[in-house]
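For reference, the structure is listed below as structure tokens.
What follows draws every value from the coordinates through simple rules; no lab data is involved. Keep in mind the model is a prediction, meaning the values are calculated, not measured. All Cβ positions, glycine included, derive from the backbone under ideal geometry; neighbour counts span all protein chains shown.
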Amino acid sequence: MLGAIAGDIIGSVHEFSRNSDASFPLFVERSCPTDDSLLTWAVAETILKGERDYKPRIVGMVAYYEKHGQNAPLPAAFGSGFSSWVYGGARGERDSYGNGSAMRVSPVAWAFDDLADVLEHAALTARPSHAHPEGIKGAQAVAAATWTARKTRNPAAVRAIAENFYGPLPDLEVIRKTHTYNETCQGCVPECLAIAVGTPDFESAVRFAASVRGDADTLAAITGSVSQALWGLPKGIRDQSLGIAAQCYPGLERTIAEFEARFGGY
């Protein structure tokens with residue numbers, strides 16, 4: 001779970017910058033959680049409460065942000081379609097294939113031991129706002145890859161399960177040369193999975209994800225979800241991410257601690 005949040009924080013200042021430099025400072029004064037972290041928090045809280053309906057907390061996080069967002073140096077930047085759906089009463093299921101379903105799903109991969117349960121809950125987290133088949137597929141692919149990573153610590157096994165969803169993953173050189181800003185699952189998730197299995201550690205993975213001129217915070221959050229499960233989170237990144245989370249959104253760090261105490265993920 002913290003891998004997604006750390007990736008989001010690291011990528012936050014690069015979200016609309018079209019950054020192509022992987023040597024950037026990991027944390028700067030404005031680094032902060034965005035909507036990716038807040039919605040990951042909503043998923044984790046739902047799991048901790050033993051509930052299956054993820055919609056109330058996902059929807060409610062927009063109101064939470066309106067009350068507490070002044071502590072963060074950057075706006076949470078909820079997607080316009082998602083925000084319109086929430087402000088319109090969040091009626092029914094929203095038929096979106098945006099990458100929002102993939103960036104918030106990581107807690108599911110730690111909370112459930114059976115892959116069938118992981119896939120079921122990944123779909124449940126996606127369906128309220130990302131009910132399009134590609135939206136659900138993106139959430140399930142990231143959850144399955146993260147689950148496989150924590151079970152095996154084997155990049156080849158993670159690649160194999162990722163390719164069950166998307167076919168052969170793109171080469172990192174191709175991603176570096178050709179990726180453009182894209183907020184869809186199908187335009188982001190295969191690249192993030194390729195980065196996670198093609199880099200040797202968490203820092204390398206999020207640096208790569210946040211430097212391909214794309215949706216940097218979300219790419220780094222998705223990549224960080226899988227990479228944490230593969231390689232673990234360096235202590236320096238962990239400590240700084242927790243400190244920033246606590247400063248911007250008090251209570252988020254307590255949920256992370258409770259979640260890790262119950263399900264692992266340190």
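Observations, loosely collected:
- Value at 222 nm in deg cm²/dmol, rounded to 500, when DSSP H runs of n ≥ 4 in the chain each add -39,500 (n - 2.57): -19500 deg cm²/dmol
- Between Asp215, Asp35, Asp21, the GNM of the chain built on Cα springs shorter than 10 angstrom shows Asp21 fluctuating the most.
- Among Glu45, Glu191, Glu120, residue whose mean-square fluctuation peaks in a GNM of the chain (springs only between Cα atoms under 10 Å): Glu120
- For the stretch 108-266: rounded, prolate or oblate by the Cα gyration tensor [a/c cutoff 1.5]: rounded
- Cα gyration tensor shape of the stretch 1-61, rounded if a/c is under 1.5, else prolate or oblate by comparing a/b with b/c: prolate
- Simple point charges give the picture: +1 on the Cβ of Lys and Arg, -1 on the Cβ of Asp and Glu, and for the chain a dipole about the Cα centre of about 100 debye.
- Working from label points 7 Å from Cα in the Cα-to-Cβ sense, the Glu173 to Arg213 distance is 1.8 nm.
- The Rg/Rh ratio for the chain is 0.92, where Rg is the radius of gyration of the alpha carbons and Rh is the Kirkwood radius.
- Dipole in debye (nearest 20) - the stretch 215-266, about Cα centre, beta carbon charges: Lys, Arg +1; Asp, Glu -1: 180
- Using the Karplus relation 6.51 cos²θ - 1.76 cosθ + 1.60 with θ = phi - 60°, the per-residue 3J(HN,Hα) values for the stretch 60-74 come to x, 5, 5, 5, 4, 4, 4, 7, 10, x, 5, 6, 9, x, 10 Hz, with x marking Gly and Pro.
- The chain: Lys pairs at Cα distance under 30 angstrom, eight or more positions apart or on different chains: 10
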